[in-house]
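These notes are about the structure you will find just below.
Quick note: the coordinates plus some simple rules give every number you see, no bench work behind them. Please read these numbers as outputs of a predicted model, since none were measured by experiment. So basically every Cβ, Gly included, is an ideal-geometry build from the backbone, and we count neighbours across all protein chains shown.
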Amino acid sequence: NAGVMQNPRHLVRRRGQEARLRCSPMKGHSHVYWYRQLPEEGLKFMVYLQKENIIDESGMPKERFSAEFPKEGPSILRIQQVVRGDSAAYFCASSPEGNEQFFGPGTRLTVL
Amino acid sequence: GNSVTQMEGPVTLSEEAFLTINCTYTATGYPSLFWYVQYPGEGLQLLLKATKADDKGSNKGFEATYRKETTSFHLEKGSVQVSDSAVYFCALSDQTGGKLIFGQGTELSVKP
């Protein structure tokens, strides 16, 4: 059983561009979580999704950020009009149900 | 709101030394508690967990006991190895399937 897959692993964008981060959960997992790790900080929750539904988006910035988890395909975290402060590592985790979350290797976004 | 506080790092130890990383939490109710480990350039791996008071989680020589009276979940290992060098995160989840709330992480460096 392959682990949680994230791509790309590294992403460089210029200010004002869009960033799309992809997460493929483990097989059989229908719950996906996105977290952001700013430099020298711990992980902060962003959003929790199940197939086609957003369950908890209390950690998502109100503007420029969106997430989806369609019926088919990976979960996507989309950041529009990126700014330097968006530079961070973005981690996806998946869960079948219950407490245990399995993390992907992360996408490191650099905004120039 | 719920929160997790960890001792600040970096922590530098010699091989075979005893390790303690302190973690305290604030939460309503009865959260589940976790320790995750992050090796350089990788995602988080679950190290151990405890879901109720007085539970002891253990894995790979690491242990932590859920202490409700002191709201603590300190990580311990009797004899560290160079390969234990990593960043350790304490986390809680206040509901089944819900988001994880992380401490800021503690970097451990073990010297030969």
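Just checking the output field for A:39-49: average partner chain Cβ neighbours within 10 Å of each residue's Cβ?
That works out to 4 on average.
Counting only other chains, what is the mean number of Cβ atoms within 10 angstrom of the Cβ of each residue in peptide B:99-106?
What the average comes to for B:99-106 is 6.
Over all directions, how big on average is the projection of the convex hull of the alpha-carbon atoms in chain A, in square nanometres?
6.6 nm²
How big is the Kirkwood radius of the protein assembly as shown, worked out from every pair of different alpha carbons and given in Å to one decimal?
Taking the inverse mean of 1/r over all distinct Cα pairs, the protein assembly as shown comes out at 18.0 Å.
Determine Rg/Rh for segment B:44-112; Rg is computed over alpha-carbon atoms and Rh is the Kirkwood hydrodynamic estimate from the same atoms.
Here the Rg-to-Rh quotient is 0.97.
Identify the GluC sites (Glu not before Pro) of segment B:29-112 meeting these criteria: DSSP loop state and at most 16 other C-beta atoms within 10 Å of the C-beta.
Answer by residue number: B:GLU42, B:GLU69.
State to the nearest 20 debye the size of the charge dipole of chain A about its Cα centre, where the only charges are +1 on K and R beta carbons and -1 on D and E beta carbons.
Once rounded to the nearest 20, the dipole reads 540 debye.
Looking at segment A:53-107, which GluC sites (Glu not before Pro) are DSSP coil and have at most 12 other C-beta atoms within 10 Å of their C-beta?
Sparse-neighbourhood loop GluC sites (Glu not before Pro): A:GLU63, A:GLU72, A:GLU97.
Rounded to the nearest 20 debye, what is the charge dipole size of the protein assembly as shown about its Cα centre when +1 sits on each Lys and Arg Cβ and -1 on each Asp and Glu Cβ?
With Lys and Arg at +1 and Asp and Glu at -1, about 800 debye.
Using a Cα-Cα cut-off of under 29 Å, which lysines could be cross-linked to B:LYS49, ignoring same-chain neighbours fewer than 8 residues away?
A:LYS27, A:LYS44, A:LYS51, B:LYS60, B:LYS68, B:LYS77, B:LYS99, B:LYS111
Let me know the mean shielding of A:29-38 by other chains, meaning the per-residue number of their Cβ atoms within 10 Å of its Cβ.
2
So, by mean Cβ neighbours within 10 angstrom, what's the order for A:41-49, B:53-61 with the highest one leading?
A:41-49, B:53-61
For A:ARG78, A:ARG84, which order do you get if you count the other beta carbons within 10 Å of each Cβ and list the fewest first?
A:ARG84, A:ARG78
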